[in-house]
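Quick notes on the structure that follows.
The values are calculated or read from the model by the stated rules, or taken from the named source; none is laboratory data. Bear in mind the structure is a predicted one, so any value in this text is a computation, not a measurement. Every residue, glycine as well, gets a Cβ built from its backbone with ideal geometry; the counts of neighbours run over all protein chains shown. With ligands, DNA and RNA removed, areas are computed over all heavy atoms of the protein, side chains included. Shrake-Rupley method; radii C 1.70, N 1.55, O 1.52, S 1.80 Å.
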Amino acid sequence: MEALPSKAPPLSVSQDLSSRRTGMAFQRTRLAADRTLMAVIRTSLSLISFGFTIAKAFEKLREMGTVSSEKPARNFGVTLVALGIAMLMVGIGYHVQFMLGLREERKEMQAGGLVHGESKFPPSMTLITAVVLLLIGIVVIVSLIFHIGPFG
C-alpha cells in the first residue's frame, strides 16, 4: 500500500506541540461556550419555574376563596415564563452561531496545517438540554394562557 501524500509539510517537534496546544485551545473554547449556555439554562429554568409557580399558586388561592382575582399574579407569572423562553431562545441562537464560527475557523486552521484535526467536535449535550427546556417552556406558557395541556 502506498502512503497518501500529506497536505501540509512535516512539522518540527515544536511546531507539532504548538499545533496540539492550539487544538486543545479549541476544545477549551468549546467547553467554555457550553458553560455559558448552562448559565443561560439555569437562569431560564428559574424564570420559567418561578413564573409557573406564581401563576398556579394564585390560581389555587382564588379557587379556595382567599383572593378575589388571580389575573395580575397570573399575568406576572406568564411574563416570567415568557422572559425565560425569550432568554433561552437568544442563548441557543448565540451558542449555535458561535459554535458554527468556531468549527469554521478550526477547519480553516486544519486545512492550513496549523492544527491537528484528530479530536472531534461532538454534539453539545448542553444544547440538546436547552432545546428540550425550550420545548417544555413553550408547553408551560401555552397551558398557562389557554388552560390546556399537561400543566393547564
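So that you can scan it fast, the table gives a plain yes or no per residue for (1) in contact (Cβ under 8 Å) with a residue 60 or more places away in the chain; (2) aromatic (Phe, Trp, Tyr); (3) in contact with an Asp or Glu (Cβ under 8 Å, 6 or more places away or on another chain):
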{"residue": "THR36", "(1), (2), (3)": "no, no, no"}
{"residue": "ALA39", "(1), (2), (3)": "no, no, no"}
{"residue": "GLU70", "(1), (2), (3)": "no, no, yes"}
{"residue": "VAL78", "(1), (2), (3)": "yes, no, no"}
{"residue": "ILE85", "(1), (2), (3)": "no, no, no"}
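Across segment 44-69, the number of residues qualifying as open to solvent by 60 Å² or more (accessible area, probe 1.4 Å) and closer than 16 Å to LEU135 by Cα comes to 1.
Here's the yes/no breakdown for (1) in contact with a Phe, Trp or Tyr (Cβ under 7 Å, 6 or more places away or on another chain); (2) farther than 21 Å from GLN27 by Cβ:
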residue	(1), (2)
ALA39	no, no
LEU47	no, yes
ARG62	no, yes
VAL67	yes, yes
LEU80	yes, yes
ILE85	no, yes
GLY101	no, no
GLU104	no, no
GLN110	no, no
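A residue that is touching a helix residue (DSSP H, G or I) at 6+ places or on another chain (Cβ under 9 Å), part of a loop (DSSP other than H, G, I, E, B) and not β-branched (Val, Ile, Thr) occurs nowhere in segment 48-58. Scanning segment 98-146 for residues that are loosely packed, with under 11 Cβ neighbours inside 10 Å, in a loop (DSSP other than H, G, I, E, B) and within 19 Å of the chain's Cα centre (by Cα) yields PRO122, PRO123.
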